[in-house]
Amino acid sequence: GHYYQLVQVPYHMANDYKSGINFFEAQLDAGQRCHEGMHGYLVTITSKEEQDFVTKMLPTLGPNDKLQNFVGWIGATDIATEGAWKWVDGPEKGKKFFSGNYATGVKEPGMYVNWYCESQASNPDWPYCEPNGSNYAAGDQDCGSIYGNGEWNDIACSMRAEWFVRSEERRVGKECRS
């Protein structure tokens with residue numbers, strides 16, 4: 001079985017993306033955690049059921065807030081090859097689940113995705129789709145994050161977030177000590 005945990009980084013300051021934890025620090029922290037002999041990793045979301053479970057764990061600001069003002073890390077990246085989105089840890093490590101960007105991208109056969117996508121009509125304040133891989137001051141957007149409504153985003157791996165979601169798996173012969 002799996003165990004899930006929403007981990008809050010206590011030193012993050014609200015709306016300050018220079019404090020908190022970056023993608024690689026979150027990945028390392030998750031990997032060092034242990035629960036009932038199971039090793040941690042940044043969560044991989046591979047089905048609608050798993051997405052629904054994870055989304056229920058997230059802080060919410062209500063149904064009318066499209067982005068939920070929340071960013072947490074999930075175990076997704078296209079850092080090795082732009083547009084080749086893969087899971088970085090856990091039993092799905094190395095599995096590609098999406099190719100391309102919001103305009104040209106396709107879900108890999110049998111895989112699940114939940115990228116953020118809003119139109120001018122559905123969300124006039126934030127009308128765009130992910131992953132967009134945009135370059136900006138913080139760097140290329142190569143790491144996966146999750147909004148409070150459960151939708152995914154690509155942001156710079158160096159950005160600082162307040163949360164990350166981790167899961168754990170049993171590794172035969174490689175149990176950890178809680």
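For the stretch 29-45, what does the Karplus curve 6.51 cos²θ - 1.76 cosθ + 1.60, with θ = phi - 60°, yield as ³J(HN,Hα) per residue in whole Hz, taken in order and with x for Gly and Pro?
4, 4, x, 8, 8, 9, 9, 6, x, 9, 7, x, 7, 4, 4, 10, 10
Report the full-extension gain for the segment residue 82 to residue 102: residue separation times 0.36 nm, less the Cα-Cα distance, to one decimal in nm.
That pair, residue 82 and residue 102, stretches by 5.9 nm at full extension.
Where does each of 39-46, 102-109 land if you order them by average Cβ count within 10 Å, highest first?
39-46, 102-109
Laboratory data are not the source of any read-out in this text; all were calculated from the coordinates shown. All figures in this text were calculated on a predicted structure; none of them were measured in a lab. Please note: Cβ atoms are built from the backbone with ideal geometry, for glycine as well, and neighbour counts cover all protein chains shown.
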